[in-house]
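Student: Input: one structure, supplied below.
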Amino acid sequence: MARNSEKAMTTLARWRAAHIENTKDKERRPYLATECKDLQKAEKWRRQIIGEISRKVSQIQNAGLGEFKLRDLNDEINKLIREKNHWQDRIRELGGPNYRKVGPRMLDHEGKEVPGNRGYKYFGATRDLPGVRELFEQPPPPPARKTRAELMKDIDADYYGYRDEDDGILVPLEIDAEKKAIETKVEEWKAKKQAILHGEAPPSVDIDTTPEEDIYAVSKTDNHSGDEEGPESQKMETDPSDPQHFIAHVPVPSQKEVEEALIRRKKMELLETYASETLQAEANEAKTLLGL
């Protein structure tokens with residue numbers, strides 16, 4: 001067994017003896033910072049408060065302590081922070097440095113600055129407590145407004161409806177809708193006209209009740225007089241399904257004459273496109289000499 005003198009020389013025994021000596025003459029921190037008149041002691045009390053804050057911030061990271069314990073720790077940390085600010089002001093009054101300007105910023109365990117440095121702050125797991133989480137939730141930023149150039153990128157021919165008829169669906173639907181609309185209007189007009197003729201409805205301004213005259217009908221006397229004037233002045237066109245005869249009041253060209261006119265027009269367009277003015281003048285002079 002070890003002797004008592006050997007036990008007294010162990011590391012634990014020496015640390016215990018030193019700790020007892022320190023606790024005997026341990027000086028208590030003043031309640032008010034204004035009671036301290038020594039700059040070195042003020043620095044000592046400030047460092048002591050910072051150490052207590054660090055220990056409590058480490059404890060408050062544990063979410064398993066419960067809501068009440070976490071809230072108490074957070075209150076104690078905020079109280080120590082206010083006390084540290086008082087000591088920093090006292091150090092400045094005693095001629096020391098201004099820690100509010102040169103001191104480090106207060107950061108959380110993630111390295112982010114604690115929000116609300118000038119008021120009550122939340123540390124560690126207290127930020128996830130009910131009622132506190134909503135304080136740190138920021139609304140989503142509004143969507144960025146598109147510029148005019150970005151809007152013009154999406155505008156093409158489809159935007160103006162230029163290719164709506166290429167699908168082969170819209171045109172037949174429009175034709176059917178147009179036919180139905182015309183038939184409906186015609187039926188309404190006929191019904192309204194019959195009602196006016198029978199006296200069932202008052203006469204309307206937009207409906208003429210007089211019988212319509214067929215301007216293209218030809219009587220027998222007109223037919224005989226037309227025959228006497230000759231085929232050059234008036235040409236008769238008959239429809240085999242209609243017993244009435246119709247008169248064309250202007251000269252109607254034949255199919256051959258229409259084809260010749262189209263060919264001459266096409267030749268003139270080709271000449272204007274590919275032939276020079278000198279060549280055209282020579283061609284016109286040759287036609288004049290030949291009598292064409």
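Student: If residue 64 satisfies every condition in (1) modelled with pLDDT of 90 or more; (2) loosely packed, with under 14 Cβ neighbours inside 10 Å but one, which is the exception?
Tutor: Here residue 64 meets the rest and fails (1).
Student: Looking at (1) of a type in the set (Lys, Arg); (2) modelled with pLDDT of 80 or more; (3) surrounded by 11 or more Cβ atoms within 10 Å (Cβ to Cβ), which is the only condition residue 148 fails?
Tutor: The number of the failed condition is (3).
Student: Check region 235-244 and report whether any residue there is aliphatic (A, V, I, L, M) and modelled with pLDDT of 50 or more.
Tutor: So far as region 235-244 goes, no, none of its residues is aliphatic (A, V, I, L, M) and modelled with pLDDT of 50 or more.
Student: Residue by residue through region 74-100, note down the ones that are open to solvent by 50 Å² or more (accessible area, probe 1.4 Å) and either touching a Cys at 6+ places or on another chain (Cβ under 9 Å) or in contact (Cβ under 8 Å) with a residue 40 or more places away in the chain (or both).
Tutor: Scanning region 74-100 gives 86, 89, 94, 95.
Student: Then there is this: Collect the residues in region 251-292 that are part of a loop (DSSP other than H, G, I, E, B) and open to solvent by 100 Å² or more (accessible area, probe 1.4 Å), keeping them in residue-number order.
Tutor: Across region 251-292, the qualifying residues are 251, 292.
The values are calculated or read from the model by the stated rules, or taken from the named source; none is laboratory data. Given the structure is predicted, the values throughout are model-derived calculations rather than measurements. Glycine also receives a Cβ, built like all others from the backbone with ideal geometry; neighbour counts cover every protein chain displayed. Accessible surface areas use protein heavy atoms only, side chains included; no ligands, DNA or RNA. Shrake-Rupley method; radii C 1.70, N 1.55, O 1.52, S 1.80 Å.
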